[in-house]
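Structure first, then comments.
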Amino acid sequence: MKRFTHWCVLLVMFLTVLATSCQKDTGEQAVENKKVAINADSALNSTAPSNFLATGGILTLKLEDSVYTFDAAKDSVAFVNLNMGDNRYFGITAINKAHNLSFGISSKGSAGDSLTKAIAGGQLLIINDAIHTQQYTLTQYAKPGDVGNIKLVSYLKNDTLARGSFFTFLSKDDEANAPFYRVEGTFELQMKQP
């Protein structure tokens, strides 16, 4: 049941970013995409006023020898707060402009300044082509609380949406003895002033 809850949280976070990702597109479809983005942003804000699409800043993560970067000025990066039953979750979810790289990480509880919380869910999806896709999810190797943490240094201060770091362990397989990989990263996300 716990694993199912983690998947639900990540799925909702991913769908939230996917719904708003078109707003970062440019070119021939920019006008149409802007209309879609306005509708998606309105739906996101009306259903969850504590969800924020970053307007600038960088989310960087490292997995083995690879470094992946999301630039909120062109990619879609969101800080999401969710209620699932009696539980609250917060996290970051991102999808790049090419829609071939997505990442999400979450923690149980409420977001705030100077806060360190255990990781509750995590997923990284890398689509090289239709045949070569790599999917990493939160490993089940450890006891709760031993799969990393997210550290919020600053949250909703001036034009800073969220700033901090995280580390966790993701696995390509759901087997009990599957290898796991340390993923660590930093984020410094901005938002528009009201």
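Figures for the structure shown
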read-out	value
Heavy-atom SASA rank of 188, 64 (probe 1.4 Å, accessible area, largest first)	64, 188
Neighbourhood charge, 9 Å Cβ-Cβ cut-off, centred on residue 163 and excluding it, Lys, Arg +1 and Asp, Glu -1	0
Environment charge of residue 90, counting only residues whose C-beta is closer than 10 Å and scoring Lys/Arg +1, Asp/Glu -1	+3
Gyration tensor (alpha-carbon) shape descriptor, region 79-137, a/c threshold 1.5	prolate
Accessible-area value, residue 157, 1.4 Å probe, nucleic acids and ligands omitted, Å²	100 Å²
Within-13-Å neighbourhood charge of residue 149 [Cβ basis; K, R +1; D, E -1]	+2
Cα-based shape type of region 91-177, given that a ≥ b ≥ c are square roots of the gyration tensor eigenvalues and the cut on a/c is 1.5	oblate
Relative contact order of region 96-194, pairs being alpha-carbon contacts under 8 Å that are 6 or more residues apart, as %	23 percent
Pair residue 99, residue 69: separation of 7 Å Cα→Cβ label points (nm)	2.5 nm
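The values are calculated or read from the model by the stated rules, or taken from the named source; none is laboratory data. On a predicted model such as this, the values are computed, not experimentally measured, just so you know. Every residue, glycine among them, receives a Cβ derived from its backbone with ideal geometry; neighbour counts consider all protein chains shown. Please note that ligands, DNA and RNA were not included when accessible areas were found on the heavy atoms of the full protein model with its side chains. Shrake-Rupley method; radii C 1.70, N 1.55, O 1.52, S 1.80 Å.
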